[in-house]
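Enquirer: The structure follows.
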Amino acid sequence: MPFYECQMQNELPFDFTYLVKTIDSYSLDLMNLVQSRRESTDLENRIISSGGYAIGEDPTKKYVISPVKPDVPYLDFSPLQNALHQLEISVERVNTLIKNNITANSVSVTLTDHLQGRTTVAYRKRASSS
């Protein structure tokens, strides 16, 4: 949808809320995958250590029993979760700014000025600290 059509409908052509939901979904999938991999590796290692595969071998065929797999490490997902929380807060702020700055059929310039002003201030602070 072109930008000018979005202005006529009093909405911008993007919504970061869906980005946050997608990233949250991916991070949950990743945490669940690590947990399930840890559980399956633990089960596999217990079967190997107890000789479960050796008991079920066919004596007429030669099988190589796989060695014990290394344990799946515990990963710290707190930085990812903290960053996602900060992203949620930022998206809520942007959505609030957008809602507060949309008028009858146009977008107020203050939103753009606000965002550009923050970028300029951040750049000036970084440049002066160097």
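The values are calculated or read from the model by the stated rules, or taken from the named source; none is laboratory data. No experiment lies behind these values; they were computed from the predicted model shown. Backbone-built Cβ (ideal geometry, glycine too); neighbour counts: all protein chains shown.
Enquirer: Say we look at the range 41-56 and pick out the residues that are loosely packed, with under 12 Cβ neighbours inside 10 Å and at negative phi; which of these is nearest to the chain's Cα centre (by Cα)?
Expert: Out of the qualifying residues, it is Leu43.
Enquirer: State all residues of the range 31-87 that are touching a residue at least 12 places away in the same chain (Cβ under 8 Å) and within 26 Å of Phe16 (Cα to Cα); if no residue qualifies, say none.
Expert: Correct list: Met31, Phe77, Leu80, Gln81, Leu84, Leu87.
Enquirer: Just to be sure before I move on: is Tyr63 assigned to a loop (DSSP other than H, G, I, E, B), at pLDDT 90 or above and not polar (S, T, N, Q) in the structure I sent?
Expert: So Tyr63 fails the test.
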